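The structure appears right after this line, and notes come after that.
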Amino acid sequence: MTALDHSGNPLRAKATFLGRMHEWVSTADHKKLGVMYVTTGLLFFLIGGLEATMMRWQLAVPDSSLLSPSDFNRLFTMHGTTMVFLVGMPILLGVANYIIPMQIGARDLAFPRLNAFGFWLFLFGGLLLYFSYFGAQGLYGMGSSPDVGWFAYAPLTERTYSRGHSTDYWILGLLVSSFGSIATGINLITTILTMRCPGMTLMKMPVMVWVMLIDAILIMIAMPPLAAAQVMLLFDRLMGAHFFDVQGGGSAILWQNLFWFFGHPEVYILILPAFAYVSEIIPVFCRKVIFGYPLMVAATVSIGFISLGVWVHHLFALGLSPMVNTIFMGSTMLIAIPTGLKMFNWVGTMIGGKIRFDTPMLFSTGFLALFLIGGLTGVMLSVVPFDWQVSDSYFVVGHFHYVLFGGLVFAIFAAIYYWFPKVTGKMLSETLGKWQFWLLFIGFNLTFGPMHVSGMLGMPRRIYTYHADRGWELWNMLSSIGVLVQIAGVTFFVWNVIQSLRKGKDAGADPWDGWTLEWATTSPPPEYNFEEIPKVYSCRPLWDLKHPEDPDWKYE
Amino acid sequence: MTTLKAQSMTVQAPPEPKSQLLNSGKCGMLCLIVSEIAFFGTLLAVYLFYIGKDPVGTIAPSDVLDVSVAPMKVVFNSIFLLTSSIWITLAVRCLARGNIMGFALWWLLTILFGAEFLVGTGMEWYGLIAVEGLTIRTNLFGSGFFTVVGFHAAHVTIGLFLLSLVFVLTCLGKMHKRHAEKVELLSWYWHFVDGIWIAVFTIVYILGN
Amino acid sequence: MSRRITPASRRSLLRGIAIAMLAAIFLAVPEAWATAPICENGATASPTMFAPRSVPAKMILDLSWLVWGICFGIFLIMEGLIILCIFKYRRAKDDDTEAPQIYGSNPIELAWTIVPTLIVFVLFLVSARTIFEIEKTSAPEGSLEITVIGHQWWWEFDYPEYGFVTANELHVPATRDGKRVPIYLTLESNDVIHSFWVPQLGGKTDVVPNHINHLWLEPTMTGTYVGQCAEYCGTQHANMLITVVVHPEEEFEKWVAHQKTEAVDDDTVAVGRDLFQRTACINCHTIRGTVANGTFAPDLTHLMSRSVIGSGVVSNTADNLAIWVYDPQILKPGCRMPSMKLTKKDVTEIVQYLLTLK
Ligand code: HEA
Ligand code: HEA
Ligand code: CUA
Ligand SMILES: [Cu+2]
C-alpha cells in the first residue's frame, strides 16, 4: 500500500484554479461529493446558527423590540428548515457518501452520476429557499423568506393567509432538495445491497453500514409522502385546488398527518446516522468490539419500523379521540426500548474497555450524556396528558435540541474529528478540539436546559416577545448567554479546521488504529479507494489483520 | 489460538462464496418503484379521505365518472393499458432470446396501447373540463381527480417517452440481446405504472362513485 | 497529541460539571415553584403547570410527578454508568494493549430489553387511564358551556346560555349553587389553527378550522389566570394572550347581568359616538344597541369591563386606547385592524366615547 501514498491524479498538483473548480463541479466521485455535501452542510450550519443567535438576542429580555414580529417568524422558519434539511440531511448523506463505499470495500456508489445529480439538486434546492429573501414578494412588496414554521401548517400556508410567494419558495426549495435526498437514498440502498466486497455478508457489515441502510430505506419511504403533500399544497396555492383550503371543505388535520407521517421518520433519519457514527467511534476508542452486534442490528431495524407508526404524537393536542391518543402513546413509548438497547450496548462497550479520550471519543461521550436527556424528555412528551401541557412550548424546543444538537450535531463533530484525517491526510488539533468540546458542552446545556423550565412555566414556542410579568426572564436570559458560549465553541471548530488544513500533523493511513476497511487505504484515499478489492471474514477486517492470533471470524 | 500469520488482507480463513441477490440496476429500479408507491399512496390516501366530503350541490363523481354505462370509455382504456403489460413482457422475452424483430413488434404494440390510453385520458379530460365544467378548482373532487389521474398520466408519458427512445434505437439497429436486462428494467417501470392504474381505477372510479 | 491536563485536574473539572448539572436539575423544579407565589385567590405570576387550579390540571400534575420520577431515575442510573466508565475505564497512560474482547452476553442483553419494556408498560397503563379521565367527549353534568372562537389574533367567547358575546377575557364562576362547576368549552376557529392553553386550568387543545374540539376545565380556586395561544398562527401569534377570570358565584352573576345589557348611551360623548358610527369601525365591530354590528373584530359593547386590549398586548387605559385607535400597528404590528388615519382630535373624541362603554 505504500506505493499509493501520493493519491489520485498526478496532474492535480499542477492544475489551475479554474481547472480545479471544474474538476469539483463536474465530479461524480463519491469522495469529492461527500466532501462537498459536508462542507455545504457546515456552511448552512453557520447560517442557521446565525439565525438562532438573532432569535436568542431578541428573546434575551422581555418586551424586546430588536426584531419585528415578521422578521422573527421568518428567522425561526428558516432556522428550523435550514437545520433539518440543509444541515442534517446533507451532512448525513455526505458522510455516508464518503465512508460507506470505503467500509464495504467498493470503489464508488452504485450510480455515481445519479449521486452527483442528487448533490446538485440538494444545493439548488437550498439556494432556492434562501433566494426567497430576495425573490419572494412579500405582502408589502419587499423580499421575504417563508414565515410559516418548519412544518408549515395549513391553512396558514394557503393563499388566503400567506400572500406573496414566500411559501411557494419553501415548497419548491424543499421539493427540489428532497428529490436529491431520495435519489441518494436509493443509491445508498443499492450500493449497500449489491456492492459489498467478497465475504461481507449482511451480518458482517460494520454497524454503520447497517444503520445507514435502514436510514436510506426510511428516506425512500418517508420523503415521497412529503413531496406529495407539498405538491398538493402547491396546487392549492397556484392553481386553486382545495386540498387544505378550509373554506372549500379542505382539511387542516390532513396536512398535519401528512407532514408528520414524513416528519417523524425524518427525525429518525437524522438521528440514525448519529447512532452510526458513535457505533464506529466508541469501539475503536475503547479498544473493544461493539457489545451485542446482532442486537444492535435488530434494534436498528425495529427503530426503523416503529418510527413509521408514531407520527400522531405530534398531534396529541389536536383533539383526536382518547383511543387514538392512547394507541399512539403506546407506539411512541415502544421506541424507547430499542433506543435504550443501543444506549446500553454503547455503555456496555465502554465497560471493561481501555478508553482513549481523544476528541472523537469526547464528542461521542457527550452524545451519550446529552441524547439520553433528550430521549427521556421525549418519553415524557409521549405521555399524552403531560404533552397537553407542554406541547408547542419551550419544553419541546428543549427536547428536540437535546436530540438534534446534543445528539446529531455532537455526533457529527465526533465523526468529523474521526474521519477528517482520512479525508484530508491531516489531523485536527486535539487541544482546540477539547476547547471546542467543553465550550459547546457547557454552552449547549446553558442554552437548552433552561428551556425545559420556561416551557413548563407556560412559555409557548414561536413567540417573538413576551411580557415581563410571567416569570420567564431568568430562563431566557440564561439561554441567550449560553449561545455566546456556543459561538465561542463553533469558532474554535472553524479555526481548528482552517489551521489543520494549512499545517496540521500528517495523519498516516490509520491514525486511530481503526478496524474497518476505510483505514486500510491511504489518507486521503486514491480515486479508486482500494488497489485491490479486499476480502473480509468478519465485521472488523483490520482487527483480523492486526491480530491474526485471535481473529474475529472465529467468534462470529 | 491459531498460529496463522498475516500475509495480506486475505488472511487464511474459510473461503466465502460471494452471493449477490440482485444486480444494481434491478435493486435501484425496485427502490425507485417503492418510493413512487409511497408517493402515489399518499395521493390516493388523500383521495380516499376526501371521498364524499364535498359540499352538496357541486359536481360529484357519480355525475361525471360512469363506468357502468355503454361505451365505458375508461374501462376500455384501462384494458389497453393493462394488456400493454403483456406485450412488453413478450417483447423482453424476444430480446432475451435474440429475436430483435419480434422484440420490435411487441415493443411497438406496447407503445401503441400505451398511447391509446393516454389519448383516452386526454379525451376524458376534455369532456370533463370543456363539457362538464369540472376543473381542479371546482371542488375537492376536482382537485383530487386531476391530481391523481394527472400524476398517473404524467408517469405514462414518461414511460412512453422512454419506450419510444428504445424503439428508435431498435430501428437504428442499436438493440441487442445483451440489452435485455436494461430493457427488462424499463418493463418493470411499465408494469408499475399499470399497477398504479389498477389502484387509481379502483379508488377513483369504483370506490369514489 | 496535545499537552496533557493532569488526570487529577481533569477529574475535578469533570466532577464539578457533573455536580453542577445535577444541581441545576434539582434546583429547577423548586425554582419553578418559587416563581409561582400563591396569592390568596390562587392566581400566580407565572402561567405555570406547577400550580394547578383546576381538576384536570391537577390530574396532569400528579401523573407528571410519576413520569418525572421514573425518567429521573433512569437518568441517574445511565449518567452514573457513563461517568463511571469515564473514570474507571480510562486507559492508563503507558498501556498500549487491547482490552479483552467481549462480544455480548445473552442474559445481560435480555435483562436490558425486559426491564425497559416493563417500565414502558407501567407508564403506558397509568397514562392511558388519565387520558380517558381527562378527555371528555360530552359535557359533564351541570357544566357551563361556552364557545371559544379563535381569530387571528384574538379570542371570541360566546355564552349561548346567557346570549351574549365577549372577547379576550373569559369569565367563569368557581361554583354554582355552592357546587364546583365544570366548564365545558367548545373550540372553533374562524381562520387558521390556534390552541387554547391556560396551564393552571388544564392542558392545551387545538382550535382547528372545520373541526370542533372540546376542552374540560373545572376551576378549584378563584383568581385571574393567564395563558396564550399555543399554536403558531401568524404574525401576532405571540400576542394572542388569554385571560381567564374565575369569579366567586355572586360576582359572576353580577358580571353576567352587566354583560347582558346593551351598551351605555351617554349623550356627553355624542361627537365621538357619531364619529365612530360614521367611520369604518362599525363594519368590523359590534356595539350592541347601536348600528355597529360587524363580526370581524372584538365586540366592544362592554369594552371598558376588560382590563386589556388587543388580546393582552397592552392594558386598557385611555392612553393606550388613543394609540390603538390612532394606529393599532404601533402596539400590535401586523394585527388585522388597520389604522383609520384619523386626526388626533377625532381619535380623542372616539376614545372619549369608548371610555363610556363600561
Ligand atoms: C433527532 C431527532 C429526534 C429524536 C431522536 C427524537 C426522539 C424521541 N422523541 Fe422527539 N422530537 C423531535 C426530534 C427527535 N425526537 C423534534 C424535532 C420534535 C419537534 C418537532 C416540532 O414540533 O417542531 C420532536 C417532538 C416530539 C414529540 C411531540 C411534542 C409536541 O410537539 O407536543 C414527542 C411526543 O411524544 C416526541 C417524543 C420522542 C420520543 C419518545 C423519542 C424517543 O425516540 C427517545 C428514545 C430514547 C430514550 C428513551 C433514551 C434512552 C433509553 C433508555 C436509557 C432506556 C430506558 C428508558 C425508558 C424505559 C423510558 N418528540
Ligand atoms: C439540527 C437542528 C438544530 C440545531 C443544530 C439548532 C441549533 C440552535 N437552535 Fe434551533 N431549532 C431547530 C433545529 C436546530 N436548532 C428546529 C427544527 C426548530 C423549530 C423551528 C420552528 O419552530 O419552525 C428550532 C427552533 C429554535 C428555537 C425556537 C424558536 C421559537 O420557537 O420561537 C430556538 C430559540 O432559542 C432555537 C435556538 C437554537 C440555538 C441557539 C442553536 C445553537 O445551538 C446554534 C449554534 C450555532 C452557532 C452558534 C453558530 C455560530 C456561528 C456564528 C454566529 C458565525 C456566523 C458566521 C457566518 C455565517 C460566516 N432553535
Ligand atoms: Cu393563535 Cu397562535
Ligand atoms: Cu416525532
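The values are calculated or read from the model by the stated rules, or taken from the named source; none is laboratory data. All values reported here derive from a predicted model rather than from experimental measurement. For neighbour counting, all protein chains shown are included, and Cβ atoms are generated from backbone atoms with ideal geometry for every residue, glycine included. Keep in mind that these areas ignore ligands, DNA and RNA; they rest on the heavy atoms of the full protein, side chains included. Shrake-Rupley method; radii C 1.70, N 1.55, O 1.52, S 1.80 Å.
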Could you give the Stokes-Einstein D for the stretch C:267-354 in µm² per second, using the C-alpha Kirkwood radius, 37 °C, 0.692 mPa s?
252 µm²/s
Over all directions, average the projected area of the Cα convex hull of the stretch B:71-209 and note it in nm².
8.4 nm²
Can you work out the base-10 log of I(q)/I(0) for the stretch A:361-503 at q = 0.20 1/Å, using the Debye formula on its C-alpha atoms alone?
-1.11
Quick calc, C:T295 & C:V271: beta-carbon distance into FRET formula, R0 25 Å, rounding 0.05, result 0.45
Give me the angle, in degrees from 0 to 90, between the Cα long axis of helix B:100-126 and the longest principal axis of the Cα atoms of chain B, rounded to the nearest 10.
30 degrees
Please give every one of the lysines within straight-line cross-link reach of B:K174, meaning a C-alpha to C-alpha distance under 27 Å, and leave out same-chain neighbours fewer than 8 residues apart.
B:K26, B:K182
Report, ordered by chain and residue number, the aspartates and glutamates lying within cross-link reach of C:K344, taken as a straight Cα distance under 15 Å and ignoring same-chain residues fewer than 8 apart.
C:D319, C:D327
Compare the peptides A:325-336, A:481-492 by average per-residue count of other Cβ atoms within 10 angstrom and give them in order, highest first.
A:325-336, A:481-492
Assuming a viscosity of 0.890 mPa s and a temperature of 25 °C, what translational diffusion coefficient in µm² per second does Stokes-Einstein assign to the stretch C:32-151, Rh being the Kirkwood radius over Cα pairs?
123 µm²/s
Within 10 Å of each Cβ in peptide A:392-404, how many partner chain Cβ atoms are there on average? Round it to a whole number, please.
1
Considering only protein heavy atoms, with the full assembly of protein chains and a 1.4 angstrom probe, order A:H242, A:H314, C:H302 by accessible area, largest first.
A:H314, A:H242, C:H302
Nearest-0.05 FRET efficiency for A:S68 and B:I129 at R0 = 56 Å, using Cβ-Cβ distance, is 0.80
Starting from the amide H of C:I242, placed 1.01 Å from N in the peptide plane, find each other amide H under 5 Å away whose residue is 5 or more places distant or on another chain.
C:G227, C:Q228, C:C229
How large is log10 of I(q)/I(0) for the protein assembly as shown at q = 0.08, 0.10 Å⁻¹ when the intensity is taken from the Debye formula with one equal scatterer per alpha-carbon?
-0.93, -1.34
The stretch B:71-209: relative contact order in percent, alpha carbon pairs under 8 Å with at least 6 residues between:
31 percent
At a temperature of 25 °C and a viscosity of 0.890 mPa s, determine how fast the stretch A:100-197 diffuses translationally according to Stokes-Einstein, using the Kirkwood radius over alpha-carbon pairs as Rh; express D in µm²/s, rounded to the nearest whole number.
162 µm²/s
Each residue of A:291-298 has, on average, a number of other protein chain C-beta atoms within 10 Å of its C-beta equal to 4
Using alpha-carbon positions, the gyration tensor of chain C gives root eigenvalues a ≥ b ≥ c; with a/c under 1.5 called rounded, otherwise prolate if a/b exceeds b/c, else oblate, the class is prolate
Given 0.36 nm per residue, what is the gain on full extension from A:L238 to A:I498 after removing their alpha carbon distance, in nm?
89.0 nm
At most 14 other Cβ atoms within 10 Å and a DSSP loop assignment: could you name the chymotrypsin sites (Phe, Trp or Tyr not before Pro) in the stretch C:241-299 that fit?
C:F296
For C:R90, enumerate residues with amide H under 5 Å from its amide H, sequence gap 5+ or separate chain, H modeled in the peptide plane.
A:I355
Rounding to the nearest 20 debye, state how big the charge dipole of the stretch C:143-188 is about its Cα centre with +1 on each Lys and Arg Cβ and -1 on each Asp and Glu Cβ.
260 debye
Compute the distance in nm between two label points, each set 7 Å from the Cα along the Cα-to-Cβ direction, one at B:E181 and one at C:R129.
6.3 nm
Using mean Cβ contacts within 10 Å as the protection proxy, how do C:113-124, C:184-195 order, highest first?
C:184-195, C:113-124
For a label point 7 angstrom out from the Cα of A:M203 toward its Cβ, which stretches of the stretch C:100-137 have the backbone nitrogen within less than 15 Å?
C:103-106
Return the subset of A:K204/A:K554; A:K204/A:K288; C:K260/C:K345 for which the Cα-Cα distance in this structure is over 22 Å, preserving the input order.
C:K260/C:K345
Using only Cα atoms and rounding to the nearest 10 degrees, what angle (0 to 90) does helix A:473-503 make with the longest principal axis of chain A?
30 degrees
Along the stretch C:240-249, what does the Karplus equation 6.51 cos²θ - 1.76 cosθ + 1.60 (θ = phi - 60°) give for ³J(HN,Hα), rounded to whole Hz, x for Gly and Pro?
9, 8, 10, 10, 10, 9, 9, 9, x, 3
For the pair C:E262 and C:T279, how long in nm is the line joining their label points, each one 7 Å along Cα→Cβ?
2.3 nm
How large is the helix-only mean residue ellipticity at 222 nm for chain B, computed as the sum of -39500 (n - 2.57) over DSSP H runs with n ≥ 4, divided by its residue count, in deg cm²/dmol to the nearest 500?
-23000 deg cm²/dmol
Write out the GluC sites (Glu not before Pro) in the stretch C:240-304 meeting two conditions: DSSP loop, and at most 12 other Cβ atoms within 10 Å of their Cβ.
C:E262
What lysines could a cross-link reach from C:K341, if we take a straight Cα to Cα line under 20 Å and drop same-chain neighbours fewer than 8 places away?
C:K332
For the Cα atoms of chain B, what angle does the longest principal axis make with the long axis of helix B:24-50, in degrees from 0 to 90, nearest 10?
20 degrees
Please compute how much accessible surface disappears when A pairs with B, both sides summed, using a 1.4 Å probe, and round it to the nearest 100 Å².
3700 Å²
What shape does chain A have by the C-alpha gyration tensor, where a ≥ b ≥ c are the square roots of the eigenvalues, rounded means a/c under 1.5, and otherwise prolate means a/b greater than b/c and oblate the rest?
prolate
Extending each Cα 7 Å along its Cβ direction at B:R137 and C:I108, get the distance between those two points in nm, one decimal.
6.7 nm
What average number of partner chain Cβ atoms lie no more than 10 Å from the Cβ of the residues making up A:279-287?
2
At R0 = 56 Å, FRET efficiency that the Cβ-Cβ distance of C:S315 and B:D63 yields, to 0.05:
0.45
